[in-house]
Amino acid sequence: MPLNAKPSDHPNFPPHGRTGLLLVNLGTPEGTDKKSMRKYLKQFLSDERVIEISRPL
């Protein structure tokens, strides 16, 4: 597949002329130890504004 080829199920968006990219710093863990990293990742990955996933029933 060429580098600029799209998968067959890719949505077809009209051309806009320009593409933007938004980079946001969502914080950092309090430390580099295992406990701090686990706490940070738990908060980060459970934030609905960051990761959109279906919740278990």
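Remarks
- Residue match in segment 31-54 (condition: of a type in the set (A, V, I, L, M, F, W, C), at pLDDT below 75, out of contact with any helix residue (DSSP H, G or I) (no Cβ under 7 Å at 6 or more places or on another chain) and in a loop (DSSP other than H, G, I, E, B)): yes
- L26 part of a loop (DSSP other than H, G, I, E, B) and modelled with pLDDT of 75 or more: yes
- Test: L3 is of a type outside the set (F, W, Y) and modelled with pLDDT under 80: yes
- All positions within segment 41-50 that are of a type outside the set (D, E) and surrounded by 10 or more Cβ atoms within 10 Å (Cβ to Cβ): L41, K42, Q43, F44, L45, S46, V50
- If only residues of segment 2-40 that are hydrophobic (A, V, I, L, M, F, W, C) and under 23 Å from V50 (Cβ atoms) are counted, the one that is surrounded by the most Cβ atoms within 10 Å (Cβ to Cβ) is M37.
The values are calculated or read from the model by the stated rules, or taken from the named source; none is laboratory data. Computed from a prediction, not measured in an experiment: that's the story for all the values here. Cβ coordinates were reconstructed from backbone atoms using ideal geometry, including for glycine residues, and neighbour counts include every protein chain displayed.
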